[in-house]
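Below is one structure, written out as structure tokens; comments come after it.
The values are calculated or read from the model by the stated rules, or taken from the named source; none is laboratory data. Everything numeric here is computed off the predicted structure, so don't read it as measured data. Glycine gets a Cβ as well: all are built from the backbone with ideal geometry, and neighbour counts include every protein chain shown.
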Amino acid sequence: MAKEYSRSQRINEQILRELAELIRLEVKDPRVGFITLTEVQITPDYAHAKVYFTSMYGEEKVDEILGGLRRASGFLRRELGRRVRIHTVPELHFHYDRSVEQGSRMSQLIDEVVRADEERSRQDPDR
């Protein structure tokens, strides 16, 4: 049986899609060129939306990217109002999403432990 999605979940997904398209096609600020939106969380009253992003640059240029996103937020909010039919267009709050980097780091650590374990097994086959 398919899981039912709440209206707020559908709106989160729609805002994510629309913002990603707007940033990719309409925002001309070079500071926000290499980002990926990962999640949107909207408050129950639709007044605020946390927009999480990652960057190809990692944490290196987060402040610069945040500056560009904040500068474009008025434009993005206005365009969202034209594309998404909700009674209140949320104020956008951008946050850097560290989970991708943390997941990659965890994966590297696991790979290192597995390699070390395999190496120990080859050196001491009786183990």
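Scan region 34-56 for residues that are touching a helix residue (DSSP H, G or I) at 6+ places or on another chain (Cβ under 8 Å) and farther than 16 Å from ARG17 by Cα and report the count.
3
On the basis of being part of a helix (DSSP H, G or I), at pLDDT 85 or above and under 19 Å from the mean Cα position of the chain (by Cα), does GLY67 make the cut? Reasoning before the result, please.
Details: part of a helix (DSSP H, G or I): yes; at pLDDT 85 or above: yes; under 19 Å from the mean Cα position of the chain (by Cα): yes.
Spelling it out, GLY67 is indeed part of a helix (DSSP H, G or I), at pLDDT 85 or above and under 19 Å from the mean Cα position of the chain (by Cα).
Can you find a residue in region 96-103 that is out of contact with any Gly (no Cβ under 8 Å at 6 or more places or on another chain) and without any contact (Cβ under 8 Å) to a residue 12 or more places away in the chain?
Going residue by residue through region 96-103, those that are out of contact with any Gly (no Cβ under 8 Å at 6 or more places or on another chain) are 96-100, 102-103.
From the residues that got through so far, the ones that are without any contact (Cβ under 8 Å) to a residue 12 or more places away in the chain too are 102-103.
Among the residues of region 96-103, at least one is out of contact with any Gly (no Cβ under 8 Å at 6 or more places or on another chain) and without any contact (Cβ under 8 Å) to a residue 12 or more places away in the chain, which makes the answer yes.
What is the number of the single condition among (1) touching a residue at least 60 places away in the same chain (Cβ under 8 Å); (2) in a loop (DSSP other than H, G, I, E, B) that ARG85 does not meet?
(1)
Do you know which of the residues in region 30-59 that are assigned to a helix (DSSP H, G or I) and out of contact with any strand residue (DSSP E or B) (no Cβ under 8 Å at 6 or more places or on another chain) is nearest to LEU76 (Cα to Cα)?
Top of the filtered list is VAL32.
Please tell me if GLY58 is surrounded by 14 or more Cβ atoms within 10 Å (Cβ to Cβ), more than 30 Å from SER6 (Cβ to Cβ) and of a type outside the set (Ser, Thr, Tyr).
Numbers: surrounded by 14 or more Cβ atoms within 10 Å (Cβ to Cβ): no; more than 30 Å from SER6 (Cβ to Cβ): yes; of a type outside the set (Ser, Thr, Tyr): yes.
Criteria not met by GLY58.
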